[in-house]
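Here it is: the structure, laid out below.
Bear in mind these aren't lab numbers, they're just calculated from the coordinates by the rules spelled out. Owing to the predicted nature of the structure, the values given are computational and were not obtained by experimental measurement. Here the Cβ positions follow ideal geometry from the backbone for every residue, glycine too, while neighbour counts run over all protein chains shown.
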């Protein structure tokens, strides 16, 4: 039996402060982490809301496993042909997602019609074809790389006594998969629900986030190597959004290519973002994020950082304690 050493435990507030105060060191990694998750998620069903509903059903089933003391490693978890879903109600799901019951019922019907969800009497199953679609092979690697980098920052701040390698984190996630990926879903789902509430459409958020990713990469490539001081989250956002109109934009075709969202849909969603004054375009009709997001969205982003810090602390503590 592993000996527990609670003195090594890292608190989520310490991680939160590290993320906020050292943001310039990890900005590109985190934005890519989340964008990649959105990108893979959209490609699963070409509908982020359907994907979110599926993983919410899986999350509730993983919670049920945990109450029974059942834990699966990665290979064992994905060895089954079907996954039986724990009981759920349309009303509770619609309340959690903050969408009308009719919308939730329609999405579930579409999932059933496409064979993703199957019913046998009162039992509900997730078909293996869909089950395999949400296998997070790449995401585990990207998440491990990000968590390893966070452990390096915590080590520099003397909050940890070691830097945890990518390989060690990946191994831990796969060995304790059903528990750790439950934590991952518990972090991601409320974050995505919040963005859906704000943007009224997750595809709009996906497009917006793609513009933010592009802007961040351009800013980093131009400036980070020249800066000696660590920049906090608030300072970084102000600098990244300032005077970025002519060099950091994406046109409709580029956005469509990056997101795999049809160009006609991109054009409609871009119009919404322009009307809300969240993005602007330059003379080349390249779109970029405006400073207007500062007051409206930054508090929400910081709240999401708290969800993220909880997830990171749980994973790191399973390794070091």
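Share of Cα-Cα pairs in the chain beyond 31 Å, in percent?
Every Cα pair in the chain considered, those over 31 Å come to 35 percent.
Sticking with the crude label model, points 7 Å out along Cα→Cβ, report the distance from residue 8 to residue 75 in nm, one decimal please.
Reported label-point gap for residue 8 and residue 75 is 2.6 nm.
On to the next question. First measure r as the distance between the Cβ atoms of residue 201 and residue 168, then evaluate 1/(1 + (r/R0)^6) with R0 = 45 Å and state the FRET efficiency to the nearest 0.05.
According to the calculation, E is roughly 0.70.
Still on this model: FRET efficiency for residue 251 and residue 44, Cβ-Cβ distance as r, R0 = 22 Å, nearest 0.05?
The value I calculate is 0.25.
May I pose another question? For each of 178, 151, 144, count neighbouring Cβ atoms within 10 Å of the residue's Cβ, then give the residues from fewest to most.
Neighbour counts put them in this order, fewest first: 178, 144, 151.
Please list, in order, the residues from segment 48-85 whose amide nitrogen is less than 13 Å from a point placed 7 Å along the Cα→Cβ vector of residue 123.
Residues 81-85 fall inside that zone.
Can I ask one more? Would you calculate a helix-derived [θ] at 222 nm for the chain, using -39,500 (n - 2.57) for each DSSP H run of n ≥ 4 and dividing by the full residue count, to the nearest 500?
My calculation for the chain gives -22000 deg cm²/dmol from helical runs alone.
So between residue 17 and residue 110, what do we pick up on full extension, going 0.36 nm a residue minus the alpha carbon distance?
Here the segment from residue 17 to residue 110 would lengthen by 29.2 nm.
For the pair residue 102/residue 276, report the inter-label distance in nm, with labels modelled 7 Å from Cα in the Cβ direction.
For the pair residue 102/residue 276, the computed spacing is 2.3 nm.
So for 235, 310, fewest C-beta neighbours within 10 Å to most, what's the order?
Ascending Cβ contact count within 10 Å gives the list 235, 310.
May I ask you to sort 167, 96 by Cβ crowding, counting other Cβ atoms within 10 Å and putting the fewest first?
Placing the least packed residue first, the sequence is 167, 96.
Please give the residues of segment 202-219, grouped as numeric ranges, whose backbone N is less than 16 Å from a label point set 7 Å along the Cα-to-Cβ vector of residue 296.
In segment 202-219, the label zone of residue 296 (backbone N under 16 Å from the point 7 Å along Cα→Cβ) covers 202-212.
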